[in-house]
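Below: one structure, written as structure tokens.
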Amino acid sequence: MRTKRFVGHVLVLCLALLVLASSSNQASTRVLFIGNSYTYVNGGIDKQLEGLAPSIATSRQTAAGYTLERHWNEGDALRAIRRGGWSYVVLQEQSQTPVFDQQKFYQFAREFDREIRAGGAQTLLLMTWERPDSIAHGVTTAHLAAAYNAIGTKLGAKVTPAGLAFARSLHERPDLLLYSQDGHPTIYGTYLTACMLYGTIFARSPVGNLYSDRSISPAMRTYFQHIAAESLGF
């Protein structure tokens, strides 16, 4: 009888250990990205973020040229949010909309933020960068920053100022190509954006992180990490 009881206790203990081991392997932070090709090119900002922080698991709802309005109307992004379990949802608006149609940007950022909060997650607004082909029409760092910061303040949501980091890097090292004429980031731009998100989510500097894409040298990795840290005020 004692032997059976002992074996039973051992089995319960083993089961508990298995459950604990399984839960420890699960990501402690889950991030959903809603955006377009700015988010998914170069393998995706989400995958670079996972490299910087293995404790993060990401998913994305992205399609070329999509605005937040189109994501909202088509419903897939909304269904993903409502599945729940997210820590953060990153909203990346189409690159010109915050300047060309600010009211639409604000309207659908609000709609998504309401759903994100209802699901227990936090909204992160990913400030994009100026477009060389649209600077003359006002798609500049200053105008994008003003639009993102304004809606961030209204919603009480964090803004990841990737656009400001791009501007800082281009001022210091104009020889480093961060984007193409239509604004799509190079791998440098994608990595820098991931470093900015890392700093925003964890409230700590990315400097010293050993991860970078194989196409980014250790020297460039250190440079972009410092740019991100300075842009976030670390």
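We did not get these values from a lab; they are worked out from the coordinates using the rules stated. Keep in mind the model is a prediction, meaning the values are calculated, not measured. Note: ideal-geometry Cβ built from the backbone for every residue, glycine included; neighbour counts use all protein chains shown.
Quick notes on this one:
- Distance-filtered residues of segment 48-92 - backbone nitrogen under 17 Å, label point 7 angstrom along Thr29 Cα→Cβ: 48-60, 85-91
- Relative to the current alpha-carbon distance between Arg70 and Leu176, full extension at 0.36 nm per residue lengthens the span by 34.8 nm.
- Mean separation of Cα contacts under 8 Å (6+ apart) over length of the chain, as relative contact order %: 18
- Taking the fewest neighbouring Cβ atoms within 10 Å as the starting point, the ordered list for Ile151, Ile34, Ile45, Ile81 is Ile81, Ile151, Ile34, Ile45.
- A simple packing score, the average count of other Cβ atoms within 10 Å per residue, orders the peptides 189-201, 48-60 as 189-201, 48-60, with the highest score first.
- Both numbers refer to the Cα atoms of segment 104-164; Rg and Dmax are 12.5, 40 Å.
- Along the axis of the charge dipole computed for the chain (Cβ charges of +1 for Lys and Arg, -1 for Asp and Glu, origin at the Cα centre), the listed residues Leu144, Pro218, Val31 are led at the positive end by Val31.
- For segment 28-231, the alpha-carbon coordinates run over 43, 42, 28 Å along the three principal axes, in decreasing order.
- Cα→Cβ-extended label distance, 7 Å offset, between Arg117 and Thr222, nm: 4.4
- Extension gain from Arg214 to Lys158, taking 0.36 nm per residue of separation minus the Cα-Cα distance: 17.1 nm
- For peptides 155-163, 108-116, sequence by mean Cβ density within 10 Å, most packed first: 155-163, 108-116
- Rounded to the nearest 20 debye, the dipole size of segment 28-231 about its Cα centre is 580 debye, using +1 on the Cβ of Lys and Arg and -1 on the Cβ of Asp and Glu.
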